[in-house]
Amino acid sequence: MKSKNLLKTNVLVILLAIVLVSCGPTQQSGGEEKTEAPKLTLTKAPASPAYEDASLALTSSEITEGDSSFSARFNFDVQNYELGVQTEGSDTRGIANSGKGQHIHFIVNNGPYSAHYDAALTKEFKEAGYYTIIAFLSRSYHESVKNPNAYYVDHIKVGEPDGESTIDFSAKHMFYSRPKGTYKGSDTEKLMIDFYLLNTTLSPEGDKVKATVNGQEFIIEEWAPYYVEGLPKGTATVKLELIDAEGNAIPGPFNVVEREVTLE
């Protein structure tokens with residue numbers, strides 16, 4: 001009888017041990033706890049005011065050389081679009097919004113954009129060179145206006161650089177816009193992915209954008225802004241790639257870009 005009771009006890013101990021192990025944290029080699037990355041979601045943003053008649057055109061530019069850098073002055077003509085005002089519905093979208101209102105995104109060589117709330121703006125260039133610039137109208141919540149007249153693109157020469165540099169503006173190009181910088185408080189709950197396309201559009205059967213956010217891949221089949229939700233606090237990595245129907249990278253100097261943003 002004692003042997004049977006001892007056997008039952010041993011079986012119970014083994015079963016209890018199995019339950020405790022299965023319910024406990026998964027361990028990596030070295031005893032480190034392994035946690036799964038949070039599941040992210042990507043959804044198309046709701047429709048924005050279209051501003052179909054808005055336009056942006058360069059009227060003049062001037063580049064002057066200083067002691068250690070160059071200063072470029074660009075004067076734009078903005079029609080059917082008001083800079084410095086809040087976009088309708090900006091307070092209900094739940095994403096980061098500029099208190100200064102609608103503005104121009106100005107991008108140099110696909111670097112992070114600078115926001116300008118006046119049609120006359122100045123950019124500093126640290127050294128002589130050839131630079132690709134693109135400017136486009138932006139809503140107060142940093143969503144680009146995607147109509148054919150709402151942008152200006154050019155390849156400019158600053159100073160007297162060595163050699164020659166050109167860019168084929170008849171080719172397909174993608175310029176990264178959002179997300180950008182540091183997000184705080186409620187702005188961390190939903191980040192917008194937005195980019196600007198030249199000479200292509202997106203479709204299920206054609207070109208697409210592959211967005212990789214913290215290692216999780218999404219395929220974007222429509223040129224529109226998208227909202228990412230579920231990001232943890234800290235540093236997030238966003239990579240955008242312009243790809244063809246077969247999933248191959250489309251050649252171009254700006255068609256693959258990776259950025260880091262901070263959520264506090």
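Of a type in the set (S, T, N, Q) and either open to solvent by 50 Å² or more (accessible area, probe 1.4 Å) or in contact (Cβ under 8 Å) with a residue 60 or more places away in the chain (or both): does that describe residue 203?
So residue 203 does not fit the description; no.
Just to check your reading of the model, which residue among 52, 62 is closer than 29 Å to residue 153 by Cα, modelled with pLDDT of 95 or more and touching a Lys or Arg at 6+ places or on another chain (Cβ under 8 Å)?
Only one candidate qualifies: 62.
Would you be able to say whether some residue in region 121-135 is among the acidic types (Asp, Glu) and either in a strand (DSSP E or B) or in contact with a helix residue (DSSP H, G or I) (Cβ under 6 Å, 6 or more places away or on another chain) (or both)?
yes
Please determine whether any residue of region 213-220 is small (Gly, Ala, Ser), touching a residue at least 12 places away in the same chain (Cβ under 8 Å) and open to solvent by less than 50 Å² (accessible area, probe 1.4 Å).
Looking through region 213-220, none of the residues is small (Gly, Ala, Ser), touching a residue at least 12 places away in the same chain (Cβ under 8 Å) and open to solvent by less than 50 Å² (accessible area, probe 1.4 Å).
I'm trying to understand the selection: among the residues of region 221-242, which are closer than 27 Å to residue 198 by Cβ and open to solvent by 20 Å² or more (accessible area, probe 1.4 Å)?
221, 222, 223, 226, 237, 239, 241
Quick check on my filter: what residues within region 38-56 are among the aliphatic types (A, V, I, L, M) and surrounded by fewer than 12 Cβ atoms within 10 Å (Cβ to Cβ)?
47, 50
Given (1) outside any strand (DSSP E or B); (2) closer than 16 Å to residue 49 by Cα, identify the lone condition not met by residue 110.
(2)
In region 229-242, which residues are under 13 Å from residue 212 (Cα atoms) and either touching a Lys or Arg at 6+ places or on another chain (Cβ under 7 Å) or not β-branched (Val, Ile, Thr) (or both)?
Once the filter is applied, which keeps residues that are under 13 Å from residue 212 (Cα atoms) and either touching a Lys or Arg at 6+ places or on another chain (Cβ under 7 Å) or not β-branched (Val, Ile, Thr) (or both), region 229-242 yields 231, 236, 238, 239, 240, 241, 242.
Report whether or not residue 245 is surrounded by 15 or more Cβ atoms within 10 Å (Cβ to Cβ) and assigned to a loop (DSSP other than H, G, I, E, B).
Spelling it out, it is not the case that residue 245 is surrounded by 15 or more Cβ atoms within 10 Å (Cβ to Cβ) and assigned to a loop (DSSP other than H, G, I, E, B).
Restricting to region 126-158, and then to whatever is among the hydrophobic types (A, V, I, L, M, F, W, C) and either open to solvent by 10 Å² or more (accessible area, probe 1.4 Å) or out of contact with any strand residue (DSSP E or B) (no Cβ under 9 Å at 6 or more places or on another chain) (or both), can you tell me which residue is nearest to residue 80 (Cα to Cα)?
Taking the candidates together, the pick is 153.
Among the residues of region 66-92 satisfying the criterion of being part of a strand (DSSP E or B) and of a type in the set (S, T, N, Q), which is most open to solvent (accessible area, probe 1.4 Å)?
Among those that are part of a strand (DSSP E or B) and of a type in the set (S, T, N, Q), it is 79.
Here is a yes/no grid of residues against (1) farther than 30 Å from residue 185 by Cα; (2) small (Gly, Ala, Ser):
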position: 202; (1), (2): yes, no
position: 214; (1), (2): no, no
position: 218; (1), (2): no, no
position: 241; (1), (2): no, no
position: 244; (1), (2): yes, no
position: 249; (1), (2): yes, yes
position: 256; (1), (2): no, no
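Determine whether region 132-139 contains at least one residue that is within 16 Å of the chain's Cα centre (by Cα), within 23 Å of residue 43 (Cα to Cα) and among the small types (Gly, Ala, Ser).
Yes, because at least one residue in region 132-139 is within 16 Å of the chain's Cα centre (by Cα), within 23 Å of residue 43 (Cα to Cα) and among the small types (Gly, Ala, Ser).
Which of the following residues is more than 15 Å from the chain's Cα centre (by Cα), closer than 16 Å to residue 244 by Cα and of a type in the set (Gly, Ala, Ser): 171, 211, 150?
The match here is 171.
The values are calculated or read from the model by the stated rules, or taken from the named source; none is laboratory data. Since this is a predicted model, take the numbers as computed values, not measurements. A quick note on method: Cβ atoms are made from the backbone with ideal geometry, for glycine too, and the neighbour counts reach across all protein chains shown. Surface accessibility is based on the protein's heavy atoms, side chains included, excluding ligands, DNA and RNA. Shrake-Rupley method; radii C 1.70, N 1.55, O 1.52, S 1.80 Å.
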